Amino acid sequence: MNYIMTPQIINFLIVTVVCIFIYSGVNRHIESICKKLNGDNKSILERKLKAINQSIVFTAYFFYILDFFVDIKMCAAILALLAIATLIVFKDQITSQITGYFRIVNNVVEINEEVILNGCYEGVVKNVSLSSIEVIGEDDEVLIFPHRKIDLIQKLSKEYRNANVSVVLSYKEDPEKIEDVLIKLTEKLNEKFKDYLFGNLDGTETSVFIYKGITKLNTDCYGVEYSITGKVKSSRIGELQTKLNREIAICCHKNNLKYPEENIFNKIGAK
């Protein structure tokens, strides 16, 4: 039996071979990109990119075949309208996916890194996906931030450390009075020592001293520990310790705040 290779059949075979080459070539390129990535997300990213590649190639191939049976221009117009509507409805999700892709590819942030998001949300990165970043904050609270809502990511390095300033006062003192005095002191510290704080590259501070309240009941010396914390430059912690101790001592003296009867201490600790 003789088979006649009509132009339609030849075109069909050519398109089929081209689609196969494009599909396999893009997949190999995706694999080469993902091999350069670090972290636990590269396999997830690779699967998603391959799925997108498959969807695009098979959709194009499907429409090529569909053209033999229906008016392809009408179908293309309808699909274009649907695509526009989808972009309008899901633009936030799409923006997050695109931003997440570039952040993962460029290793902007990795698992277990300590970061500050948007200058105020601090924690350890638990997971980075195409859509969001999960951070474990204080009290082991898991916070999920979509990529589109993250404008600033700062990695905490050895140059910046958590400083904790604590003072133990007598349990006889009024807690409300102490809180009022230490909150005002915290505001003063933020103004006076802002050059020591963790900040942006342009010099603007993004971390502040925060009044933490009662952090420990010190029964050994009949006192209550109150703390103020802040993220400061490691190279200046020693210098800052002396100044903070002096400020707290002056503040307690001016406001007649009593230390415990059996023990007195001010300290600054860093971790």
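Throughout, read-outs are computed from the coordinates displayed, never taken from laboratory work. Just so we're clear, the structure is a prediction, and the values are computed from it rather than from any experiment. Counting neighbours? That spans all protein chains shown, and the Cβs are built from the backbone with ideal geometry, glycine included.
Could the peptides 224-233, 187-196, 121-130 be put in order, highest first, of the mean number of other beta-carbon atoms found within 10 Å of their residues?
224-233, 121-130, 187-196
What FRET efficiency do you get for Asn256 and Glu187 if R0 is 22 Å and r is their Cβ-Cβ distance, rounded to the nearest 0.05?
Rounded to the nearest 0.05, the efficiency is 0.65.
Kindly state, to the nearest 0.05, the FRET efficiency for Tyr101 paired with Ala249, given R0 = 35 Å and r defined as their beta-carbon distance.
That pair, Tyr101 with Ala249, gives E of 0.10.
Would you mind computing, in nm to one decimal, how far apart the modelled labels at Glu179 and Phe21 are, each placed 7 Å from Cα along Cα→Cβ?
In this crude label model, Glu179 to Phe21 measures out at 7.4 nm.
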